[in-house]
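Some notes on the structure that comes next.
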Amino acid sequence: MTPAHDFASIVRLEGVQKYFGAVHALRDINLSIARNEIVGLIGDNGAGKSTLIKVMTGVLEPTAGRIFVREREIQPGEYSVRMAHDLSIETVYQDKSLAEKQPLWRNFFVGRQIANRFGFIDIKREKEVARKILIDTIGFRGAGITVDSTVANLSGGERQGIAIGRAMHYNADLIVLDEPTAALGVAEVRKVVEFVRRIKQSGRACIYIEHNLAHVHEVADRLVVLDRGRVVSEISPKDMTVPELTEYLIALQHNA
Amino acid sequence: MAQRSGESILQRFEALPIIIVFVLLLLLFMYRAPEVFLAPYIYTTFLSTLPPLILLATGLTFVIGAGEIDLSFPSIIAFSGFVFAVLFKEYDLGWIAVVAGLASGILVGFINGVIVAKVGIPSFMTTLGTQFFWAGMATVLSGGKSYALRGVEKSSVWQVIVGRPFASASTAWLQEASIQALWTAIIVGFLWLVLNRHRFGEHTLFIGDSNDVSRVVGIDVDREKIKIFTLMGFLAACAAIMLTLENKNFFGDQGQGYLLTAIASVLIGGTSIFGGQATIIGTLFGCFIIGMVEAGLVAAGLTGAWVRTVQGLIFLVAIIFYMYADEPQRRRALFANLRSFGRFGGIRTSEEGGVRR
């Protein structure tokens with residue numbers, strides 16, 4: 001466990017801009033994520049949700065603006081996925097977190113293999129630890145899934161569970177979930193919501209991108225609404241019911 | 001949908017289906033052409049003729065496993081072979097010629113990798129282009145000449161790389177056993193370890209599975225791709241040098257025959273044409289099958305043109321087989337296609353025009 005340091009936010013963005021050529025994808029984003037906070041990120045398709053988390057997790061470099069992780073500024077250009085991992089920030093993408101044809105144990109450790117100094121992997125150790133994650137962290141017991149199963153044989157909810165479990169195993173302080181329930185059945189969605197609750201219980205923070213307002217309303221401490229690359233409002237789920245929230249977002253679209 | 005839990009017998013024994021096919025084919029050839037396949041000579045001949053194919057196919061296993069393709073290796077064989085031959089013969093540089101030959105292959109592979117990874121041109125196009133470029137370069141520089149390396153077998157280069165360690169043995173077939181089989185076995189064994197147990201091998205398979213996933217788990221996709229193509233260049237250069245020394249001659253076309261056979265060996269072995277799944281043991285047996293079919297058909301009195309035809313056929317059958325064996329969604333799509341073909345194409349196989357399963 002990471003010892004409690006004296007910082008208020010895990011990640012803070014200040015005046016972040018992102019251009020793709022002439023397209024202004026992120027406009028002057030100011031956002032901070034506190035410890036043990038579940039933040040729901042909502043907004044229409046193309047609002048910039050995915051771009052925002054990619055900038056936050058080192059996948060994309062912002063065109064301008066400052067990024068702070070635990071109140072320490074990150075030098076532009078040196079931020080990367082690897083560095084985000086080192087800073088205990090993990091991302092779970094809807095369909096890009098796990099490699100289909102590879103066994104689970106490889107998926108747990110890829111990019112962070114337990115290897116000797118020549119780069120050869122300690123397969124036995126990796127499988128052992130993977131087995132522990134599978135049973136203790138994720139709670140897959142008797143589901144017919146072992147560390148040798150390939151991802152292609154798992155259901156959508158199980159995949160999200162594996163990816164979230166991997167993130168928790170690496171002691172992430174912040175877990176970013178990019179539409180984890182898209183294309184899932186009802187029972188599978190329940191599992192994912194359960195996984196998000198586990199994140200909160202374990203003292204971690206989470207950014208939860210979601211299309212389905214009911215799902216995100218249920219678990220989030222705070223909702224951040226994005227529209228055309230801008231943060232337009234921050235809402236506490238206590239103050240708005242799901243229908244009110246829906247009305248609000250529709251109104252936002254019509255004010256274009 | 002099988003083997004949701006744990007490893008099936010097919011997974012535990014890498015490339016088991018292809019090994020079974022190999023054994024069956026071998027038995028068939030032994031039965032049909034016992035004078036060839038029950039005598040030891042053909043197997044010692046394989047020791048000297050198969051290594052270049054095996055080295056190329058092993059490199060391609062990485063390339064195809066990463067979801068890419070390299071069509072330029074025949075020209076690397078021409079170019080590195082030329083660099084080696086000219087330095088060895090005209091400048092009498094011995095081992096330096098070997099090093100220069102290897103370096104030229106590494107360079108060509110590296111350039112391929114940079115064009116694919118950094119410029120972003122699909123590897124199929126890139127290596128089609130570089131294939132013509134380096135083959136043309138070799139022809140221009142050599143003036144279309146071949147280099148006969150007469151007396152090369154007395155040099156230490158020849159002795160070490162393609163020598164005959166048992167030349168003084170009393171049995172005739174043993175005298176012909178060549179050392180390049182040993183070097184090839186060591187290289188292939190090492191690369192098996194790399195593919196299955198090294199970070200680089202794991203990254204190769206993840207990249208073949210999905211570039212996007214690989215990026216988000218922190219793999220430097222561009223760098224690994226450059227490494228993969230560079231490895232291919234190195235192995236093609238090894239093959240070039242072995243081939244030139246074994247033939248005691250360099251000629252510009254010496255790599256051309258390997259284009260189909262090397263790719264076929266990889267795919268017959270069970271490496272997925274879609275990437276993400278690769279087996280070096282499978283590739284090795286793929287090479288054995290390709291080599292054996294060649295020898296078997298020639299022994300049966302067929303011409304080289306027939307050999308190519310049959311190899312092309314095996315190649316197609318193998319990829320179609322693996323495509324539908326490995327990928328359930330493709331299998332379903334095929335059946336769906338057949339059903340609609342039945343409906344609209346006039347072939348009615350049942351009341352609904354469906355295909356009975």
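Assorted remarks:
- Unit charges at the beta carbon, dipole of the protein assembly as shown: most positive-side option, B:Met125, A:Thr57, B:Leu259: B:Leu259
- Environment charge of A:Gly40, counting only residues whose C-beta is closer than 14 Å and scoring Lys/Arg +1, Asp/Glu -1: -3
- Sorted fewest first by neighbouring Cβ atoms within 10 angstrom, B:Asp222, B:Asp209 come out as B:Asp222, B:Asp209.
- Formal net charge of residues neighbouring A:Arg106 (Cβ-Cβ distance under 9 Å; K, R +1; D, E -1): -2
- For region B:270-280, backbone phi angles converted through the Karplus equation (6.51, -1.76, 1.60; θ = phi - 60°) give residue-by-residue couplings of x, 5, 6, 5, 9, x, x, 9, 8, 9, 6 Hz, Gly and Pro being listed as x.
- Taking the empirical scaling 2.2 N^0.38 Å for compact globular proteins as reference, the protein assembly as shown has a Cα radius of gyration ratio of 1.15.
- Checked against a 23 Å cut-off, the cross-linked pairs A:Lys96/B:Lys225; A:Lys101/A:Lys200; A:Lys49/B:Lys225; A:Lys49/A:Lys96; A:Lys96/A:Lys191; A:Lys18/B:Lys227 give Cα-Cα distances beyond that limit for A:Lys101/A:Lys200; A:Lys49/B:Lys225; A:Lys18/B:Lys227.
- Assigned charges on the beta-carbon of Lys, Arg, Asp, Glu; the protein assembly as shown dipole about Cα centre (debye): 760
- Between helix B:123-142 and chain B there is an angle of about 20 degrees, using the helix long axis and the longest principal axis of the Cα atoms.
- Per-residue 3J(HN,Hα) values for region A:145-156, derived from phi via the Karplus relation 6.51 cos²θ - 1.76 cosθ + 1.60 with θ = phi - 60°, read 10, 10, 5, 8, 4, 8, 4, 4, 8, 9, 6, x Hz in sequence order (x marks Gly and Pro).
- Per-residue HN-Hα couplings for region B:167-179 [Karplus 6.51, -1.76, 1.60; θ = phi - 60°; Hz; x = Gly/Pro]: 4, 9, 5, 7, 7, 5, 5, 5, 4, 8, 4, 10, 6
- Within-13-Å neighbourhood charge of A:Val192 [Cβ basis; K, R +1; D, E -1]: -2
- Chain A - charge dipole about Cα centre, Lys and Arg +1 at Cβ, Asp and Glu -1, debye rounded to 20: 820
- Rule-of-thumb Rg ratio for region B:9-326 [Cα; 2.2 N^0.38 Å; N residues]: 0.98
Just so you know, all these numbers are worked out from the coordinates, no wet-lab data involved. Here the structure is a predicted model, which is why all the values come from computation and not from measurement. A quick note on method: Cβ atoms are made from the backbone with ideal geometry, for glycine too, and the neighbour counts reach across all protein chains shown.
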